[in-house]
Amino acid sequence: MQASNSSGKQDAAGSRTFTESARRAQIVAAAIEVIAEVGYSKASFARIARHAGLSSTGMISYHFAGKDDLMREVVAEVLRVAEAYMRPRIEAHSDFPARLRTHIESNLALLVEYPKHLPALVEVLSNIRGESAGMSEFVGATEEMNRVLAERLREGQRAGAFREFDAEVMVHAMRGAIDEVVGRAAREPDLDVTACGRELAEIFDRATRKTAT
């Protein structure tokens, strides 16, 4: 994704220099930290600039055409990190129950590895839904991820690995449970997130697995 540059200082080809890309990444990283710490509504350019060690908010405005533009990059970065972290762990397993467990455990392992990313994502998406047309692609992206996971559950049902249940209900239950742990981790710094991941994986393994009759 390429955000517009309000200053028009990109080169003629519209590409960014290494320095520009590094500065944008610095700003996005600072935004993730600030959103996770103080919430979406309080994540002003002034706070983000201070956190990034920038002399003024003008540096942010140079690289991003407003808060929506920056928030799009925040969501894109979190989704990129999550995909790179979780996909190889899930795909290391061939059977459906193991993949489901790993999906849940790696989601929360990601929270341990990148403690600000998921809280920032939850904050942004919960605050912009229905508010910003520019963010609709990411709301749609999360809905598509839920749709894909539901289809994987249905594949497991067809393969006889899972019992019969409403796949969409199960996906939303898992998403809600994971998001609740993300919220708890923000409120309870000493929370054992890894143990929570194991517990949720066990709960949903039991909830989905087909048992012998």
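Values in this text are rule-based calculations from the coordinates and carry no lab data. For clarity, every value in this text was computed on a predicted model and none was experimentally measured. All Cβ positions, even for glycine, are placed from backbone atoms using ideal geometry, and neighbour counts span all protein chains on display.
With both labels modelled 7 Å from their Cα along Cα-to-Cβ, the residue 199 to residue 164 distance reads 3.3 nm. Rounded to the nearest 500, the helix-only mean residue ellipticity at 222 nm of the chain stands at -23500 deg cm²/dmol, with each DSSP H run of n ≥ 4 adding -39,500 (n - 2.57).
The modelled label-to-label distance between residue 55 and residue 95, using points 7 Å beyond Cα along the C-beta direction, is 6.2 nm.
Let me make sure I get this right: for the stretch 69-202, a, b and c are the square roots of the gyration tensor eigenvalues over alpha carbons, sorted descending. Under 1.5 in a/c it's rounded, otherwise prolate if a/b > b/c, else oblate. Which is it? Because a/c hits 1.5 or more and a/b fails to exceed b/c, the stretch 69-202 counts as oblate. Can you give the FRET efficiency to the nearest 0.05 for residue 68 and residue 188, using r as the Cβ-Cβ distance and R₀ = 25 Å? After rounding to 0.05, the efficiency reads 0.20. Taking label positions 7 Å along the Cα-Cβ direction at both residue 37 and residue 146, the computed distance is 3.1 nm, reported to one decimal.
The lysine pair count for the chain, using Cα distances under 25 Å and pairs eight or more places apart or on different chains, is 4.
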